[in-house]
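Read the structure below first, then the notes.
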Amino acid sequence: SLSGETLAVGTSSRDAVHIFVRSGTSWSQQAKLSIPDTTSLDSISLSGNTLAVGTSSRDAVHIFVRSGSSWSQQAKLNIPPGTDRLDSVSLSGDTLAVSARYNDDANVVHIFVRSGTSWSQQTKLANSHRSAAVSGQAVFTAYKGYKTGTELYIYSENVCIQKNALSAITLQFPEPSQ
């Protein structure tokens, strides 16, 4: 996960995250963050000086914060029991979206918010979403249905404000400058 001049990379042993910072054209390692008692780093998301690390092996999201060049764990957010796996974590400022799959094949997106140094669950979106992304005050989720194909949902203030079949969305990118 990349945010500004900082890159967070999970390890192949799946028990730590390495933090790299860029200065000019050079990258150097700033920290190695060990995740206690885990065997699976499922997703990481970096936003400014905050890092979210999702771990299915303990049904939790670990929150780390940076002060200067030092990183420390700010919180461990437990996901409600019955989680089969965490599909994704997405962090934007003080808002975190956690997509979780449950043993009964239901998929839920949990929304957490930070106030000061405390995190609390604000709401959950229970519409079988398998991935989630957050940007500012909007949460984007996607769902691939058997009959409906892949659909994109956009939530703002916990209300679905738009639903589109992804096949109907055309993205246009500018031509690269020479």
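Just to be sure before I move on: is LEU125 in contact with a Phe, Trp or Tyr (Cβ under 7 Å, 6 or more places away or on another chain), modelled with pLDDT of 60 or more, surrounded by fewer than 18 Cβ atoms within 10 Å (Cβ to Cβ) and not charged (D, E, K, R) in the structure I sent? So LEU125 fails the test. For the stretch 12-44, taking the residues that are modelled with pLDDT under 95 and open to solvent by less than 30 Å² (accessible area, probe 1.4 Å), the one that is nearest to SER99 (Cα to Cα) is identified as SER43.
I'm trying to understand the selection: among the residues of the stretch 92-105, which are more than 14 Å from LYS76 (Cα to Cα) and either at pLDDT 80 or above or open to solvent by less than 40 Å² (accessible area, probe 1.4 Å) (or both)?
From the stretch 92-105, those more than 14 Å from LYS76 (Cα to Cα) are 92-95, 97, 99-105; that's our starting set.
Selection gives SER92, GLY93, ASP94, THR95, ALA97, SER99, ALA100, TYR102.
Exactly one residue out of VAL89, VAL109 is modelled with pLDDT of 75 or more, part of a strand (DSSP E or B) and either closer than 30 Å to SER23 by Cβ or not aliphatic (A, V, I, L, M) (or both), and it is VAL89.
The values are calculated or read from the model by the stated rules, or taken from the named source; none is laboratory data. Since the structure is predicted, the reported quantities are computational estimates derived from the model, not experimental observations. All Cβ positions, glycine included, derive from the backbone under ideal geometry; neighbour counts span all protein chains shown. Accessible surface is based on the protein model in full, side chains and every heavy atom, while ligands, DNA and RNA are left aside. Shrake-Rupley method; radii C 1.70, N 1.55, O 1.52, S 1.80 Å.
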